[in-house]
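A short write-up of the structure that comes next.
Coordinate-derived values only; no laboratory data. What you see is a predicted model; the values in this text were computed from it and never measured. With ideal geometry, Cβ positions are generated from the backbone for all residues, glycine too; neighbour counts draw on all protein chains shown.
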Amino acid sequence: MLERHAKTLDAARPDAVARRRKTGQRTTRENVDDLLDPGSFVEYGALTVAARRRRHSLEELIDTTRPMGW
């Protein structure tokens, strides 16, 4: 579970973060960190996958699905 959650963190997604930086945007996690007190937010959505199992393998969905807003 920890490995799977780590795949969704900004550090594991440098291309996605770079795209946001290119347009002058911040990541959603950066925004949440600024809005909430440390430790007051528990993220569950990172462990979900898109409902496309007929078209993609579970491993591919784990690698590519991002929670809404991330």
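Restricting attention to region 21-32, which residues are under 19 Å from Lys7 (Cβ atoms) and of a type outside the set (Val, Ile, Thr)?
The answer is Arg29, Glu30.
Specify which of the listed residues (Asp63, Asp15, Asp33) is in contact (Cβ under 8 Å) with a residue 12 or more places away in the chain and at negative phi.
Asp63
What's the total number of residues in region 33-57 that are under 15 Å from Thr8 (Cα atoms) and out of contact with any Ser or Thr (no Cβ under 9 Å at 6 or more places or on another chain)?
2
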